[in-house]
Amino acid sequence: METETIIKTVFILAVVVLAFAPIITWVERKQSAVMQDRIGANRADIAGITILGLLHPLADVLKLIAKEDVVPHGANRFMHLLAPVIAAVPAIIAYAVIPFGGSYQYGDETVNLVVADIDWGVLYIFAIGSIAAYGTVIAGWASNNNWSLLGSLRASAQMISYEVTMGLSLVGILMVFQTLSMFEMGLAQDGTFRLLGFLEAFGWVDDIGWLGALRVPTWGIFLQPLGFVMFLACAMAENKRAPFDCPEAESELVAGYHMEYSGMRFGLFYMSEFIEIVVISGLMAAIFLGGWTIPYLPQETIIGAITPVFGEYFATSICMILHVGLFFLKVIVMIYIQMAMRWSLPRFRYDQIMDLCWKILLPLSIANVLVTGGVMLLIGSLT
Amino acid sequence: MTAAIVFYACAGLAVVSALSMVLNVRNTVASAMSLVVTMIALAGIFLVLDAFLIAAFQIMVYAGAIVVLFVFVVMLLNLRHDAFAPSRQIALKLVGGLLGIYALFALAPLLAQHLPEGAPRPEGFGGYRLVGRTLYTDFVLPFEVAAFLLLGAMVGAVVMAKRRLD
């Protein structure tokens, strides 16, 4: 493995696992506090310094590591110990195919800011996501507890159902970009299209004239708005967070599938949930929000504009830093949307979750595929 | 060289986990989980063969969806241990063992042979583009027939479930 890959891997692990995930645990507590008119976590301190409660993640981890790791009596010990690992690993390795920056030319060297640019990146994400279901299923089964078992039954049904819809909701965007590689999707989103160009393509208007100046970035969210909403709903259901948190509904199932876990093994479930939020946000940013691209400012324009001042080497580096920063800004926006939804919506009933999946989202996603195909046939191309 | 290492690792894992699946008759969930490991190992072998699409589907469909349904049903039925008591399985074991021995003898001559060199692989072999194009142009009729078969099975399952409810 060459050095470049190792650097990229370490960078993405440091950002996602060591920076984003712990801070989101703090954001979750603080935002719920704000939305419920409380103060929220602010007590953990080192020598009197609290930094708005940002030391709480550190205190949480120390506490979880110090706690006793209990395996309940009569439980399947091996499976019980294995389940949190199965839950956490897919969440961590999913970021391998999500690009966090574009392609940069340094002389003869090309730097692609994605750990593994594989041709079937989206399929990789789905394959990894389908394995994640076992973590919860095995956790509930191996705990020898009825509440846990009920929780994992709900989780497995919910995750299988929403996997189907999640796949179909992305088919439209795959058709538009004609690729399964997330890196190529990012490259395809670094441009604009005429918002009203379809009037010409359909033959309703001969020439749209000055309205042709109304251009919109070729981002997934503008090309597939319905796909964006459906994918967000399915991804949140896959992550089993409110309003889809039936598998761990505390008023019915105590804590659902991870009820019998303590110490760092509970911590792994907790952490994988937050890493999954970052993964979902990264996916949404890369597929629907243009990835690393800056709207209306293609990469060549930026580098071309700065090169006379700083020279090509620094211009490329500045562009790279801007792109990576913007990508993570988009990730933060998506995280915020998920957090706001989590603290504003009440939990759905189990039958409502299933109805939403099979009776609303599934037909809608199939209709989306049909309409996308028809429109693409008529228009031909975007510009 | 790397391919050989990955192949032998995956093949060994597949054999061990398949044995674990068959031998774990008393613990159905452990048996199902062994099946998952077998599927993942098979996906690894497909990766070595450059069949990326098949590898992804092997994990998504078999490991991810079908076995989750197995586990779901097993947990829902809550099968007791004596449901798989050894006494009921002597005849089955005998038949299975004989079939296994027969397969071993049938395959043994093949092991001695050297496999012929494969034909050069076309550009994009195993990727979704080539597989999709082949599936929807050359094999569109078998594809549609299979789709109708599955649709029929699905409708049949719904009808049978509904009759039970009424």
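The values are calculated or read from the model by the stated rules, or taken from the named source; none is laboratory data. Just so you know, these numbers come straight off a predicted model, no measurement behind them. We place every Cβ from the backbone using ideal geometry, glycine too, and count neighbours over all the protein chains shown.
When only residues in the range B:7-45 that are more than 19 Å from A:A132 (Cβ to Cβ) and touching a residue at least 40 places away in the same chain (Cβ under 8 Å) count, which is farthest from the other protein chains (Cβ to nearest Cβ)?
B:F7
Check off (1) modelled with pLDDT under 85; (2) surrounded by 14 or more Cβ atoms within 10 Å (Cβ to Cβ) for A:A305 and give me the number that stays unchecked.
The failed condition is (2).
Only one of (1) more than 18 Å from A:V17 (Cα to Cα); (2) assigned to a helix (DSSP H, G or I) is not met by A:M334, so which one is it?
Of the numbered conditions (1) more than 18 Å from A:V17 (Cα to Cα); (2) assigned to a helix (DSSP H, G or I), the odd one out for A:M334 is (1).
Are any of the residues in the range A:118-136 outside any helix (DSSP H, G or I), out of contact with any Gly (no Cβ under 6 Å at 6 or more places or on another chain) and within 29 Å of A:C234 (Cβ to Cβ)?
Yes, the range A:118-136 has at least one match.
Being more than 10 Å from chain B (Cβ to nearest Cβ) and either part of a loop (DSSP other than H, G, I, E, B) or of a type in the set (K, R) (or both) is the filter here, so list the residues in the range A:145-180 that pass it.
Passing the criteria: A:N145, A:R154.
So, in the range A:120-135, exactly how many residues are closer than 15 Å to B:V71 by Cα, out of contact with any Pro (no Cβ under 6 Å at 6 or more places or on another chain) and either of a type in the set (G, A, S) or more than 10 Å from chain B (Cβ to nearest Cβ) (or both)?
3
What helices (runs of 4 or more DSSP H) lie completely within the range A:187-260 and have 2 or more residues being under 19 Å from A:V333 (Cβ atoms) and aliphatic (A, V, I, L, M)?
Result: A:220-223, A:225-238.
So which residues in the range A:26-77 are within 14 Å of chain B (Cβ to nearest Cβ) and either farther than 29 Å from A:S148 by Cα or in contact with an Asp or Glu (Cβ under 9 Å, 6 or more places away or on another chain) (or both)?
A:A75
Can you say whether A:L64 is in contact with a helix residue (DSSP H, G or I) (Cβ under 6 Å, 6 or more places away or on another chain) and farther than 24 Å from A:I280 by Cα, as far as the supplied structure shows?
So A:L64 fits the description; yes.
Rundown of residues vs (1) within 28 Å of A:L232 (Cα to Cα); (2) hydrophobic (A, V, I, L, M, F, W, C), yes/no style:
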site: A:E276; (1), (2): yes, no
site: A:M284; (1), (2): yes, yes
site: A:L289; (1), (2): yes, yes
site: A:P295; (1), (2): yes, no
site: A:I302; (1), (2): no, yes
site: A:A305; (1), (2): no, yes
site: A:V309; (1), (2): no, yes
site: A:F314; (1), (2): no, yes
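Restricting to the range A:337-369, name every residue that is in contact with a helix residue (DSSP H, G or I) (Cβ under 9 Å, 6 or more places away or on another chain) and assigned to a loop (DSSP other than H, G, I, E, B).
Result: A:R347, A:F348, A:R349.
Considering each of A:F231, A:F274, A:F244 in turn, give the residue that is over 22 Å from A:I23 (Cα atoms), touching a Ser or Thr at 6+ places or on another chain (Cβ under 8 Å) and touching a residue at least 60 places away in the same chain (Cβ under 8 Å).
Just one listed residue meets the conditions, A:F231.
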